[in-house]
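Notes for the one structure printed next.
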Amino acid sequence: MKNLSKIVVSLLSATALATPALADDDKIIVGFATAESGFMQAYDKPAQDAAMIRIKEINDAGGLLGKQIEVVNADTKTDRAEGAKAGLSVIDAGADMVVVSCDYDFGAPAALAAEGAGLPSFFLCAESIKAGIQGVGPNSFSASVLAAVQGATMAEWAYNKKNARNFYRLLDTWTEYNKGICDGFDWMLPRLEGAALVGEDTFKNEDASIAAQITRIKSLPQEPDAIMLCTMMPGAVSAIKQIRAAGINSMILNGSGVDGSYWLSAIPDLSNFYVPVQGSIYGDDPNPDVTAFNAKYKETTGGDPSSQYVYPGYVMIDVWAKAVERAGTTETSAVVAELEKMKDEPTLFGPRSFSAELHHQNSADYRIIDIEGGKPAVVDSWKISEPIPVADLMK
């Protein structure tokens, strides 16, 4: 997390001096301390656009507790120090709930500001267990599904549906999200009888070359059935391109962080590449409500969803608003208590559960996207055979 610990120390000092504006009796305020610039904007903005769709739906239906939801914004600039300032800014503007960036490393400073002010926070789509109780505190949640579930899903699916037995693990050590994918893969692999890890390696997202890692893969007695690639944008494109350029044709499995067709022109003939998604942006989701949402998103924003990370933004507002309605107040402890009661709560993109132990999803019904000839399409759905225990998520 690089300098995050130093930021947290200064953040807590600043938070102690911050005095949030008094709540307005006529409205409910949601504060977005998210990236309006920098590379995280590609993740944050689509999810925030989806959140705004749900907010408008609620307002058009009469509001929340009879009040209109209003939004205040502050730009984190994809910078941890700026994230802390952005969190304090929306709190000072009277936020009843604080929304933070889509990644734990970049969203944590703003979430910690909310925690220090006694407010609930939601990561737009962070997928590290630290984006919640374990890394921020008891009032913090994430709207997405743990990265570990993605890694576990792809291992179990590839084993059962593609007959993969020999796996190679290639980890990009840049973020907690990437590590989480491989953690889930590591948890699942021993549960697959006859499956073997034939090699493992690491690289960094900014590495211009992974030639040494590729050489080690090619030196194996035989090509692995599958490569579990735990990475995200922007470095993912370079790594995938180099693997295929080296003549390695193994099935490549990744997490949801590489969903989207926006990058496929860089590898126009990419095939045998699979990712798990909460819903398909490609018009072929088996749930017609997802396709209907995609159309509404395009009508509202002027563009198609860029990746599955649009969807958690909608889910976040949906579950939070339900908790507020059930609590009859925006008071933090009451809202958190209602969220923690949710068990398989229906949402447009699958059920959501929270508990006093976990403010994340440790199991989910994923769509499996297969990219063949540079074209992505849903080929299957998969839910891991058992949820990943919190104790294993914390290892």
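Numbers at a glance
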{"read-out": "Only one of Pro376, Pro276 that is within 15 Å of the chain's Cα centre (by Cα) and crowded, with 18+ Cβ neighbours inside 10 Å", "value": "Pro276"}
{"read-out": "Those strands (runs of 3 or more DSSP E) lying entirely in segment 109-222 with at least 3 residues aromatic (Phe, Trp, Tyr) and over 30 Å from Ile29 (Cα atoms)", "value": "none"}
{"read-out": "Filter pass, Arg326 being outside the structural domain of Ile181 (by TED's automatic domain parsing), of a type in the set (D, E, K, R) and surrounded by 22 or more Cβ atoms within 10 Å (Cβ to Cβ)", "value": "no"}
{"read-out": "Condition met for Ala239 (in contact with a helix residue (DSSP H, G or I) (Cβ under 7 Å, 6 or more places away or on another chain), within 30 Å of Ala50 (Cβ to Cβ) and part of a helix (DSSP H, G or I))", "value": "no"}
{"read-out": "Those residues of segment 280-306 which are at pLDDT 95 or above, hydroxyl-bearing (Ser, Thr, Tyr) and over 15 Å from Gly350 (Cα atoms), in sequence order", "value": "Tyr282, Tyr297, Thr300, Thr301"}
{"read-out": "Residue within segment 160-173 that is of a type in the set (Val, Ile, Thr), touching a residue at least 40 places away in the same chain (Cβ under 8 Å) and surrounded by fewer than 24 Cβ atoms within 10 Å (Cβ to Cβ) present", "value": "no"}
{"read-out": "Some residue of segment 317-329 being without any contact (Cβ under 8 Å) to a residue 12 or more places away in the chain and under 20 Å from Asp96 (Cβ atoms)", "value": "yes"}
{"read-out": "Out of Ile53, Ile29, sole residue that is out of contact with any Asp or Glu (no Cβ under 8 Å at 6 or more places or on another chain), over 23 Å from Asp79 (Cα atoms) and either modelled with pLDDT under 75 or buried (at least 16 other Cβ atoms within 10 Å of the Cβ) (or both)", "value": "Ile53"}
{"read-out": "Any hit, segment 302-319, residues being in contact with a strand residue (DSSP E or B) (Cβ under 8 Å, 6 or more places away or on another chain) and over 19 Å from Ile281 (Cα atoms)", "value": "yes"}
{"read-out": "Restricting segment 108-129 to residues that are within 12 Å of the chain's Cα centre (by Cα) and in contact (Cβ under 8 Å) with a residue 40 or more places away in the chain, the residue that is surrounded by the fewest Cβ atoms within 10 Å (Cβ to Cβ)", "value": "Ile129"}
{"read-out": "Members of segment 298-317 that are buried (at least 22 other Cβ atoms within 10 Å of the Cβ) and either more than 14 Å from the chain's Cα centre (by Cα) or of a type in the set (S, T, N, Q) (or both)", "value": "Pro305, Ser307, Gln308, Ile317"}
{"read-out": "Segment 223-236: number of residues that are assigned to a loop (DSSP other than H, G, I, E, B) and either crowded, with 21+ Cβ neighbours inside 10 Å or small (Gly, Ala, Ser) (or both)", "value": "3"}
{"read-out": "One residue from Ser306, Ser280 being in contact with a Gly (Cβ under 8 Å, 6 or more places away or on another chain), more than 30 Å from Lys67 (Cα to Cα) and not β-branched (Val, Ile, Thr)", "value": "Ser306"}
{"read-out": "Evaluation of Lys77 against (1) out of contact with any Leu (no Cβ under 8 Å at 6 or more places or on another chain); (2) over 27 Å from Ile281 (Cα atoms) (one fails), failing number", "value": "(2)"}
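Conditions tested, residue by residue: (1) in the same structural domain as Trp157 (by TED's automatic domain parsing); (2) acidic (Asp, Glu); (3) in contact with a His (Cβ under 6 Å, 6 or more places away or on another chain).
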| site | (1), (2), (3) |
| --- | --- |
| Tyr262 | yes, no, no |
| Phe273 | yes, no, no |
| Val310 | no, no, no |
| Asp318 | no, yes, no |
| Ala321 | no, no, no |
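The values are calculated or read from the model by the stated rules, or taken from the named source; none is laboratory data. What you are looking at is a predicted structure, and each value in this text was computed from that prediction instead of being measured. Note that each Cβ is placed from the backbone with ideal geometry, even for glycine, and that neighbours are counted across all protein chains shown.
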